[in-house]
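Notes for the one structure printed next.
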Amino acid sequence: MGNSKSGSLSKDILEELQLNTKFTEEELCAWYQSFLKDCPSGRITRQQFQSIYAKFFPDSDPKAYAEHVFRSFDANSDGTLDFKEYVIALHMTTAGKPSQKLEWAFSLYDVDGNGAISKGEVLEIVMAIFKMINPEDVKHLPDDENTPEKRAEKIWSFFGKKEDDKLTEEEFIEGTLANKEILRLIQFEPQKVKERLKEKEKNP
């Protein structure tokens, strides 16, 4: 984790993060300072993660979505993320390769972590996404996807699954890569997260 007292990021972690993400050394070091200011212990809790997300989306309710994002990156389920896990989370949700993003998206939708997605899990995540969409924007959505239930139904039908079927990771990734409509329906425009993150760095 580097030396928290001196506020410096260890060389090993820095090199690993630069290798695995598109973030620069300058960005990573700036984020680390900001991270330590918000989380002096060097770890971020679920509640802190939710409050950071809330700053990005002041006009919506991102709590449920943030909780699912946190769960998907809390690899050891200890209820906290260290700086490395935090940066990987930011990278995967904003700048990761399509296949990486879909691996992450699968873990996001696999709410109970059993290795398969049910229609109920799709609905749970879609409901969390809808809480983050501006009500005015919802009005402009097509009739067959303007509620969480309709959108979940549309996603499920694109995969050709019956009501009680399960979706494997391979089916999820292959189906989504083959159909841009599914990709559009399952995600909450992560670009917005990146834009707001950059704004925050310019105006902390």
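Note on LYS139: aspartates and glutamates with a C-alpha under 20 Å away, same-chain residues under 8 apart excluded, are ASP59, ASP61, GLU149, GLU153, GLU181, GLU189.
Each residue, GLU15 and ASP61, gets one label point 7 Å from its Cα in the Cβ direction; the gap between the two is 4.7 nm. Just the protein heavy atoms count here, and of the accessible area of the range 30-178 at 1.4 Å, carbon and sulfur take up 52 percent.
Once you wrap a convex hull around the alpha carbon atoms of the chain, what is its projected area averaged over all directions, in nm²?
11.6
Rounded to the nearest 10 square angstrom, VAL111 shows an accessible area of 40 square angstrom against a 1.4 Å probe. With protein chains left intact and a 1.4 Å probe, residues in the chain average 54 Å² of accessible area per residue.
Rolled with a 1.4 Å probe across the full set of protein chains, the surface gives THR176 an accessible area near 0 Å².
With every protein chain left in place, what is the accessible area of ARG151 in Å² (1.4 Å probe, nearest 10)? Around 10 Å² of this residue is reachable by solvent. Label positions at ARG46 and LYS150, each projected 7 Å from the Cα along the C-beta direction, are separated by 3.2 nm. Relative contact order, whole percent, for the range 113-191 stands at 39, derived from Cα pairs under 8 Å and 6 or more residues apart. Between the Cα long axis of helix 190-202 and the first principal axis of the chain there is an angle of about 20°, rounded to the nearest 10. Exceedance of the 30 Å cut-off in Cα-Cα distance is limited, within the set LYS84/LYS150; LYS55/LYS161; LYS101/LYS161; LYS37/LYS119, to LYS84/LYS150; LYS55/LYS161; LYS37/LYS119.
For the chain, the relative contact order is 18 percent, taking Cα pairs closer than 8 Å that sit 6 or more residues apart in sequence and dividing their mean separation by the residue count. Put simply, the amide H of SER8, placed in the peptide plane, has neighbours under 5 Å in ASN3, leaving out anything fewer than 5 places away on its chain.
The values are calculated or read from the model by the stated rules, or taken from the named source; none is laboratory data. Nothing here was measured: the structure is a model prediction, and the numbers come from that model. For neighbour counting, all protein chains shown are included, and Cβ atoms are generated from backbone atoms with ideal geometry for every residue, glycine included. Protein only, heavy atoms only, side chains kept; ligands, DNA and RNA dropped before computing areas. Shrake-Rupley method; radii C 1.70, N 1.55, O 1.52, S 1.80 Å.
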